[in-house]
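To keep things clear, I will list the structure first and then write my remarks on it.
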Amino acid sequence: MKATRIGVLTPSSNTVLEPFTSAMLAGLEDVTAHFGRFRVTEISMGEGSQSQFTGEPQLAAAELLADADVHAIVWSGTSASWLGFETDRALCARITERTGIPAGSAVLAINELFEAFGAGRFGLVTPYVEEIQTRIVENYRTAGFECVAERHLDETRNFAFAGFDEATVAAQIRAVAQARPEAITVMCTNMRGARIAAALEEELGIPIVDSTSAAVWAGLRLAGADPARVRGWGRMFSRTV
């Protein structure tokens, strides 16, 4: 069986995405995830926060992942949701140019999955502050997606996002589900949405597109592996685009 290696770019203060990514792939003996960190500690519209996403730190981490002969590299972070989707398209192009390896991101995958689900109306769940949330909603509106309900937790420290337990995230998801969106996204890879997505989909009858899961979905597709082999983590893995 041919090995498939997925390189994952990881915010330095994130403690959720690595164990969840590994758990999703645990049943696939031929697929492994390999992580490269770069510094991200705060999410706000302040200059210090924005300077974390210049591209160069991600590119340096991607070059180190390329040493592991990975078959795809994905940025498992959601900064493009408020900075603009073009930032991830440009980053992925630069990663491929520098390493020769196909590249993708959680946010670009979420957008593809919204299209696949026909989700013009969506619900948004994040741990972010109001200013970040407003930017996300506006970027999606510009791209043709209407946010019909949102919940956010008003936190700026990236490390602290992992402290919100699954019950808190589930309550946010249930709250936005009342507006009957066509999909709900958990937009933060340091938020505990992945493991509860499948059960909540059964309960609510609405697809849930978790951002950590979206990065895994993208990495598998870019590496030439079938995302549908991932079972028990939500409908998105059986969705084709």
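Any residue at all in the range 185-198 that is assigned to a helix (DSSP H, G or I) and outside the structural domain of Ser13 (by TED's automatic domain parsing)? Yes - at least one qualifying residue is present in the range 185-198. Residue check: is Glu150 surrounded by fewer than 18 Cβ atoms within 10 Å (Cβ to Cβ) and of a type in the set (D, E, K, R)? No; evaluated as a whole, the condition is false for this residue. Looking at Ala175, Ala109, just one residue is modelled with pLDDT of 95 or more, crowded, with 20+ Cβ neighbours inside 10 Å, in a helix (DSSP H, G or I) and among the small types (Gly, Ala, Ser), and that residue is Ala109. For the range 57-71, which residues satisfy the criterion of being buried (at least 23 other Cβ atoms within 10 Å of the Cβ) and over 12 Å from Phe35 (Cβ atoms)? Gln58 - this is the single residue of the range 57-71 that is buried (at least 23 other Cβ atoms within 10 Å of the Cβ) and over 12 Å from Phe35 (Cβ atoms). Residues in the range 133-162 that are over 21 Å from Ala194 (Cβ atoms) and in contact (Cβ under 8 Å) with a residue 60 or more places away in the chain: Arg135, Thr156.
Identify all residues within the range 156-171 that are in contact with a Phe, Trp or Tyr (Cβ under 9 Å, 6 or more places away or on another chain) and either modelled with pLDDT of 95 or more or among the aromatic types (Phe, Trp, Tyr) (or both); write none if there are none. Phe161, the sole residue that qualifies.
Which residues, taken from the range 79-105, are assigned to a helix (DSSP H, G or I) and either touching a strand residue (DSSP E or B) at 6+ places or on another chain (Cβ under 7 Å) or hydroxyl-bearing (Ser, Thr, Tyr) (or both)?
Just the residues of the range 79-105 that are assigned to a helix (DSSP H, G or I), to begin with: 80-83, 85-99.
Residues satisfying the conditions are Ala80, Ser81, Thr87, Asp88, Leu91, Cys92, Ile95, Thr96, Thr99.
Pick from Val31, Val16: which is surrounded by 16 or more Cβ atoms within 10 Å (Cβ to Cβ) and under 18 Å from Ala162 (Cα atoms)?
The unique qualifying residue is Val16.
Looking at (1) among the acidic types (Asp, Glu); (2) part of a helix (DSSP H, G or I); (3) closer than 26 Å to Arg37 by Cα, can you tell me which one Glu115 breaks? Among (1) among the acidic types (Asp, Glu); (2) part of a helix (DSSP H, G or I); (3) closer than 26 Å to Arg37 by Cα, Glu115 violates only (3). When the range 167-185 is filtered for residues that are within 16 Å of Gly120 (Cβ to Cβ) and under 20 Å from the mean Cα position of the chain (by Cα), the ones remaining, listed by number, are Val176, Pro181, Glu182, Ala183, Ile184, Thr185.
Each row is one residue, and each column tells you yes or no for (1) under 23 Å from Arg121 (Cα atoms); (2) in contact with a helix residue (DSSP H, G or I) (Cβ under 9 Å, 6 or more places away or on another chain).
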| residue | (1), (2) |
| --- | --- |
| Met191 | yes, yes |
| Ile196 | yes, yes |
| Glu203 | yes, yes |
| Pro207 | yes, yes |
| Ser213 | yes, yes |
| Val216 | no, yes |
| Gly219 | no, yes |
| Gly224 | no, no |
| Val230 | no, yes |
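Scanning the range 67-105 for residues that are of a type outside the set (S, T, N, Q), under 14 Å from the mean Cα position of the chain (by Cα) and within 22 Å of Asp30 (Cα to Cα) returns Ile73, Val74, Trp75, Ala103, Gly104.
Of the residues making up the range 178-190, not one is free of Cβ contacts under 8 Å to residues at least 60 places away in the same chain and crowded, with 23+ Cβ neighbours inside 10 Å. If you check Arg229 against the conditions, is it outside the structural domain of His71 (by TED's automatic domain parsing) and basic (Lys, Arg)? Spelling it out, it is not the case that Arg229 is outside the structural domain of His71 (by TED's automatic domain parsing) and basic (Lys, Arg). Set side by side, the residues Ala225, Ala214 differ, and just one is small (Gly, Ala, Ser), crowded, with 20+ Cβ neighbours inside 10 Å and part of a helix (DSSP H, G or I), which is Ala214. If we scan the range 191-212, do we find a residue that is free of Cβ contacts under 8 Å to residues at least 12 places away in the same chain and among the hydrophobic types (A, V, I, L, M, F, W, C)? Looking for residues that are free of Cβ contacts under 8 Å to residues at least 12 places away in the same chain and among the hydrophobic types (A, V, I, L, M, F, W, C), one finds at least one in the range 191-212, hence yes.
The values are calculated or read from the model by the stated rules, or taken from the named source; none is laboratory data. Since the structure is predicted, the reported quantities are computational estimates derived from the model, not experimental observations. Glycine gets a Cβ as well: all are built from the backbone with ideal geometry, and neighbour counts include every protein chain shown.
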